[in-house]
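Each remark here refers to the structure printed beneath this line.
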Amino acid sequence: MDFKLSEQENLVREMTRDFAQQVLAPLARQHDKDETIGPDVFKQLSELGLMGMTIGEEYGGAGMGNMELAIALDELNQGCASVGVTVSVHNSLLGSPITKWGTDAQKTEWLPRLATGELLGAYCLTEPNAGSDAAAVATSAVRDGDDWIINGTKIFVTNGEWAGLCLVYCRTDTSVSNAKGISAFLVPMSAEGASVGKKEKKTGIRGSSTTEIIFENVRVPASALLGEVNAGFKIAMDTLDGGRIGIASQAVGIGQACLDASIKYAGEREQFGRPLSAFQAIQFKIADMSTRLEAARLLVRKAAWLRDNQMSCTQAAAQAKLSASLTANFCADECLQIHGGAGYTDDFQVERLFRDARITEIYEGATDIQRIVISRNLLG
Ligand code: CAA
């Protein structure tokens, strides 16, 4: 077993670490306050090749795997989790499924523009009545000659405001209300009838865009169908296996930022005539944070390795996300406790990390959904 990163993985880590620490970290507070990310950040993400990490080189991407993506997301999220989720969703929930399930024509049409960041991707699965129960999707796609007509509203869509291309899950067989009657469509936001609805005001990751996306009689050609008719739920779940590795990486990144902030503050702040780091109660917190983070990071890398080697990663991805999201929230809580009253103000970034960490236990499958996936795998 080799725990050493490859030369390429190290280069990705160094490049994303520099960008995260020098560019993103100083902007994170502004992103949170303004509830947006500036165009200059998107430009730099594109220039660094971070928008097409897993897209093949023949389509203008970096041709890398989930391991490199996980390493990059770990670093980016240490700088700014709002940027981190934007990049994660774009790569793992759009670029990856088109690469895996798309026809040559679909790849040629969409991947080059996703790889350059000209188009940002969004994943439209969740609906008011289809959250954890994703198979309850009601947005409809009805055949009309060679076309499909899409109607419905998707909610909590990451990148909603900025999206150029959506992967939309629709019910194509109304005779069933379960997973078997769902298909996946590639819908450009330029299509007539596609619009952005309400923008959510969130507790954390406020710089990222989370909106409704509304489809009103949106006509798409037959070539917009990704995969087979009524086989979209498997694409949704398989894609989320990859997405969960991305969110687990995000959680590890946020947790690492909490650990780093804790070590720094514990070395600077003095009480009872000694720095906080001299107290064993604080030392033990630091030890626990570091140990849990290291374990979560290894689970993330195992899941990414399995996916890159075409092995089933469903259980490993769920375990990585479960462990990493709980760890991120544990680290954020301990970090705030170490900072005391100061950490509860916005003088320090801890309060933002505390808010940002919380979502990792919710999106791309809540904590108990990960437990369902893991236990079903073990118990049948
Ligand atoms: N890969 C491939 N196929 C899979 C699969 C996977 N990982 N998981 C399930 N399937 C297949 C099953 O084999 C089954 O196929 P067959 O009928 O042919 O056997 C079919 O899909 C249905 O599977 P289930 O019976 O397990 O489906 P279920 O209705 O019981 O749901 C669930 C399972 C795990 C609860 C699922 O609904 C789920 O993951 N829910 C959470 C939804 C979620 O994660 N939403 C995230 C929204 S996107 C988001 O947050 C992105 C963002 O913007 C940040």
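Taking the range 150-172, which residues are on the phi > 0 side of the Ramachandran plot and within 17 Å of the chain's Cα centre (by Cα)?
156, 159, listed by residue number.
Can you confirm whether residue 354 is modelled with pLDDT of 95 or more, under 28 Å from residue 263 (Cα atoms) and open to solvent by 80 Å² or more (accessible area, probe 1.4 Å)?
Yes; evaluated as a whole, the condition is true for this residue.
Name the residues in the range 340-380 that are within 16 Å of the ligand (Cβ to nearest atom), of a type in the set (A, V, I, L, M, F, W, C) and within 20 Å of residue 201 (Cα to Cα), would you?
Those that are within 16 Å of the ligand (Cβ to nearest atom), of a type in the set (A, V, I, L, M, F, W, C) and within 20 Å of residue 201 (Cα to Cα): 357, 359, 362, 366.
Among the residues of the range 171-182, are any modelled with pLDDT of 95 or more, over 25 Å from residue 358 (Cα atoms) and of a type in the set (Asp, Glu)?
Looking for residues that are modelled with pLDDT of 95 or more, over 25 Å from residue 358 (Cα atoms) and of a type in the set (Asp, Glu), one finds at least one in the range 171-182, hence yes.
Of all residues in the range 305-321, which are open to solvent by 30 Å² or more (accessible area, probe 1.4 Å) and of a type outside the set (Gly, Ala, Ser)?
Hits for the range 305-321 are 305, 307, 308, 309, 310, 311, 314, 315, 319.
Give the range 39-90 a look and list any residue that's of a type in the set (Val, Ile, Thr) and either within 16 Å of the ligand (Cβ to nearest atom) or on the phi > 0 side of the Ramachandran plot (or both), or say none.
Scanning the range 39-90 gives 83, 85, 86, 87, 89.
Tally up the residues in the range 16-35 that are open to solvent by 50 Å² or more (accessible area, probe 1.4 Å) and in contact with a Gly (Cβ under 9 Å, 6 or more places away or on another chain), please.
8
Only one residue in 213, 235, 205 is in contact with a strand residue (DSSP E or B) (Cβ under 7 Å, 6 or more places away or on another chain) and buried (at least 21 other Cβ atoms within 10 Å of the Cβ). Which one?
Just a single option satisfies the conditions, and that option is 213.
Take the range 211-226 and flag every residue that is touching a helix residue (DSSP H, G or I) at 6+ places or on another chain (Cβ under 8 Å), of a type in the set (A, V, I, L, M, F, W, C) and either in the same structural domain as residue 101 (by TED's automatic domain parsing) or more than 14 Å from residue 110 (Cβ to Cβ) (or both).
Answer for the range 211-226, where residues must be touching a helix residue (DSSP H, G or I) at 6+ places or on another chain (Cβ under 8 Å), of a type in the set (A, V, I, L, M, F, W, C) and either in the same structural domain as residue 101 (by TED's automatic domain parsing) or more than 14 Å from residue 110 (Cβ to Cβ) (or both): just 213.
The values are calculated or read from the model by the stated rules, or taken from the named source; none is laboratory data. Note that this is a predicted model, so its numbers are computed, not measured. FYI the Cβ positions are ideal-geometry reconstructions off the backbone, even for glycines, and counts take in every protein chain you see. Just so you know, the surface numbers come from the protein's heavy atoms only, side chains and all, with ligands and any DNA or RNA stripped out. Shrake-Rupley method; radii C 1.70, N 1.55, O 1.52, S 1.80 Å.
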